[in-house]
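This report refers to the structure that appears directly beneath it.
The values are calculated or read from the model by the stated rules, or taken from the named source; none is laboratory data. For clarity, every value in this text was computed on a predicted model and none was experimentally measured. No Cβ is skipped: glycine too gets one built from the backbone with ideal geometry, and neighbour counts run over all protein chains shown. Just the protein is used for accessible areas: all its heavy atoms, side chains included, with ligands, DNA and RNA removed. Shrake-Rupley method; radii C 1.70, N 1.55, O 1.52, S 1.80 Å.
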Amino acid sequence: MRLILLGPPGAGKGTQAKMLQEKYSIPQISTGDILRQAVKNQTKLGKESESYMNQGKLVPDSLIMELINERIQKPDCQKGMIMDGFPRTIEQAKELDKLLNKKEIKLNHVLEIVLPEDEVVLRLSGRRTCKNCGNMFHIKFKPPKKDGLCDSCGGELYQRKDDQEETIINRLKVYTDQTAPLTKYFKKQNLLRSISGFGSLDEVFNKIIKTIEKSA
Ligand code: AP5
């Protein structure tokens, strides 16, 4: 199964992608996570991407396509993949189509998680991420058992630089201008299904599963 999760920053794409990865045993490909790791390791990609990310701007398409091209060739993507935060521009979507066509494989689902801006700001400003394993928490909606520490590995929790309110506003604008047009693009291909991001983690997950199974 090849699935794209669309939706504004903070809609819950990463959270749901991790749950889907577990259920279907296919990898989550998060361009955001790959880029943050590159920044942490100060690789060439990381150095080139860092300032865009800190300002809430998109990293140039050419850099993203290079990393995606490399990632989807890996053996764990043979059975399928969950694309989280990619594609983010029409250009990226067209390039993805070309890549998949070359491999003679098709996309199965594009799921858009819909959430209004005030809820996005609430979710992102309370998000905490594990420095070690990347697990996500929320100070109110999904608090860790021990303050400031990851439930899974005990790693330190931190607040992402781009989760400051000013940058969140900028990321929302970038989403509206550059990523939201993808809904039309995938609607034309009859792949788009929209799901409300309201509800508990499990409620949203169940809506996603139902939608996938209904349109399988
Ligand atoms: P990226 O990491 O992809 O960030 P994003 O799309 O802005 O999405 P987020 O990770 O912020 O949110 P999410 O929807 O995954 O929500 P989450 O599950 O964490 O990208 C970061 C940057 O990298 C970009 O700005 C750009 O610079 C660059 N980049 C990445 N990909 C790129 C690309 N393809 N092209 C160009 N540039 C790219 O949930 C948020 C919080 O809410 C968490 O605390 C969670 O616990 C909580 N939560 C989740 N679900 C619920 C629920 N149902 N109820 C209550 N709380 C919930």
Study note, to complete from the structure: Of all lysine pairs in segment 84-170 that are eight or more residues apart or on different chains, those with Cα atoms under 26 Å apart total 13
**Study point:** Lysine pairs within segment 40-91, Cα separation less than 25 Å, 8 or more sequence positions apart or different chains
**Key:** 6
Revision key, fill the gap. Over all pairs of different Cα atoms in segment 123-182, the reciprocal of the mean inverse distance gives a Kirkwood radius in Å of 12.5
Exercise for review: Sum up the charges of everything whose Cβ sits under 11 Å from the Cβ of L149, counting Lys and Arg as +1 and Asp and Glu as -1, but leave L149 out.
Suggested key: +1
Point to revise | Alpha-carbon Rg with Dmax, taken over segment 14-71, Å | key: 12.6, 35
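Just to confirm a number: summing +1 for Lys and Arg and -1 for Asp and Glu over residues other than K210 whose beta-carbon lies under 12 angstrom from that of K210, what do you get?
Working: positive: R193, K207, K214; negative: E203, E213.
Overall, the nearby charge balance is +1.
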Revision key, fill the gap. Once phi for every residue in segment 110-124 is put through the Karplus expression 6.51 cos²θ - 1.76 cosθ + 1.60 (θ = phi - 60°), the whole-Hz ³J(HN,Hα) values, with Gly and Pro written as x, are 10, 10, 9, 8, 9, 8, x, 4, 5, 6, 4, 4, 4, 5, 6
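In terms of solvent-accessible area of protein heavy atoms at a 1.4 angstrom probe, what is the ranking of L100, L58, highest value first? Show your work: numbers first, answer last.
Numbers: L100 5, L58 40 Å².
My answer, sorted largest first, is L58, L100.
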Revision key, fill the gap. Sorted on mean Cβ neighbours within 10 Å (highest first), peptides 76-84, 91-99 come out as 76-84, 91-99
Practice item. Using only the alpha carbons, work out the radius of gyration and Dmax of segment 6-114 in angstrom. Key: 13.7, 37
Review point. How big is segment 98-216 in terms of Cα radius of gyration and Dmax, in angstroms?
Key: 17.2, 48
**Study point:** Inter-label distance for K188 and I139, nm, one decimal - labels placed 7 Å from Cα along Cα-to-Cβ
**Key:** 4.4
Study note, to complete from the structure: For E48 and I209, extending 7 Å from Cα along the Cα-Cβ vector and measuring point to point gives, in nm, a value of 4.1
Check your understanding: Quick one: how many Å² of F86 are accessible to a 1.4 Å probe, rounded to 10?
Key -> 0
Practice item. Hey, could you grab the Kirkwood Rh for the chain? Inverse mean 1/r over distinct alpha carbon pairs, Å, one decimal. Key: 17.7
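Where does the chain land at 222 nm, in deg cm²/dmol rounded to the nearest 500, when only DSSP H runs of n ≥ 4 count, each adding -39500 (n - 2.57), divided by all residues? All intermediate terms of the calculation are to be shown ahead of the outcome.
On the way: 9 runs with 98 residues, N = 216.
-13500 deg cm²/dmol, from helical runs alone.
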Review point. What distance in nm separates the simple spin-label points at I105 and D177, each placed 7 Å from Cα in the Cβ direction?
Key: 3.4
Point to revise | Rounded percent of accessible protein surface that carbon and sulfur make up, segment 1-98, 1.4 Å probe | key: 49
Check your understanding: What residue among S25, S125, S152 shows peak mean-square fluctuation when the chain is described by a Gaussian network model with Cα springs under 10 Å?
Key -> S152
